[in-house]
1. Ranked from highest to lowest mean number of other Cβ atoms within 10 Å per residue, what is the order of the peptides 142-152, 102-112, 45-55?
2. Can you tell me which of 68-75, 212-219 comes out highest on packing, and rank the rest after it, using the mean Cβ neighbours within 10 Å?
3. Full-extension gain between Lys249 and Gln144, please, as 0.36 nm times their residue separation minus the C-alpha to C-alpha distance.
4. Return the FRET efficiency for the residue pair Asp82, Gln31: r is the Cβ-Cβ distance, R0 is 25 Å, and the value is rounded to the nearest 0.05.
5. On a full-extension model of 0.36 nm per residue, what is the gain between Gln11 and Leu219, subtracting their alpha-carbon distance, rounded to one decimal in nm?
6. Contour minus end-to-end for Glu44 and Ser184, with contour as 0.36 nm per residue of separation and end-to-end as the Cα-Cα distance?
7. Give the peptides 154-167, 26-39, 119-132, 230-243 in descending order of average Cβ contacts within 10 Å, highest first.
8. Just how many % of Cα pairs in the chain lie over 25 Å apart, if you round to the nearest whole percent?
Amino acid sequence: MEYETLLVSVQDRVGLITLNRPKALNALNSQLVAELNQALDQLEADAGVGCIVITGSAKAFAAGADIKEMSAFGFPQIYLDDFFAAADRIGARRKPLIAAVAGYALGGGCELALMCDFIYAAENARFGLPELTLGVIPGIGGTQRLTHALGKSKAMELCLTGRQLTAEEAERAGLVARVLPAESLLDETLSVARGIAGKSLPAAMMTKECVNRAFELGLNEGVRFERRLFHSLFASADQKEGMNAFVEKRAPNFTHR
Ligand code: CO8
């Protein structure tokens, strides 16, 4: 499938999506969001893909939603059209999704990274929600996901001031899983993605589901949910294979990869 705003490839069971609007620093317009969903649909439907990486350029993961596209919109049309509701589908994906962020991840770009399951950042990455500067607020989950990731005080400060976090500060605050040298960001991320894609896919997807439930359920309900999925995996060939392989001191050969 060909896209105008993305480059998409599959190698070693890893789907790689590169945001590709270099002249606009990968600003998210309606076309990019629609194509991103099409690409994710394609990769999620592909049984040969076990993990997906989203990245941008060396200068910008994405510098926000496309201000030029949005500037002329008015209410109630933007409400009637439910503008950018399609972006919510990105955060509802079931296969593991990693963001490899270099350069600017601002506004909608930061929110896109937050929709992924975890973020690896290059040393030059900058995270921020500058929407207030434009007379608006974050609109694709930023006030919620950033607050879950950082806690109230830091999230509130970032939303109210538009201050950008460096990669190092973002890692210290728990927004970013690891900071990597810019030149090895993508290779290292793809290597980690290949490791995940080599595991049992149902178990990886259930892991994602369980961790995400921690944001929605109380502790007891969350643990009960996790226990039910844990029990259900004992109906899978991969559980037998994974555990037998350990006992027999060999690498597992999973069926559902
Ligand atoms: N939208 C459209 N175009 C953009 C954007 C953007 N967000 N960011 C950069 N560009 C364009 C610039 O206009 C410029 O284009 P041109 O060459 O035609 O003038 C080109 O990209 C290069 O940008 P700069 O020349 O500005 O590059 P610099 O290196 O000088 O600066 C910055 C880089 C600091 C990243 C700067 O471009 C900037 O501040 N960009 C805007 C950042 C921003 O405010 N982002 C938030 C946008 S609002 C948002 O994301 C809301 C999300 C929620 C929507 C939900 C709807 C329901």
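1. Averaged packing, sorted descending, gives the order 102-112, 45-55, 142-152.
2. In decreasing order of mean packing, 68-75, 212-219 become 212-219, 68-75.
3. So the extension gain works out to 33.3 nm.
4. 0.90
5. Between Gln11 and Leu219, full extension yields 71.1 nm more.
6. 47.8 nm
7. Averaged packing, sorted descending, gives the order 119-132, 26-39, 154-167, 230-243.
8. In whole percent, the share of Cα-Cα pairs in the chain beyond 25 Å is 47.
Only the coordinates and a few stated rules stand behind these numbers; no lab work does. Everything numeric here is computed off the predicted structure, so don't read it as measured data. Cβ atoms come from the backbone with ideal geometry, glycine included; neighbour counts cover every protein chain shown.
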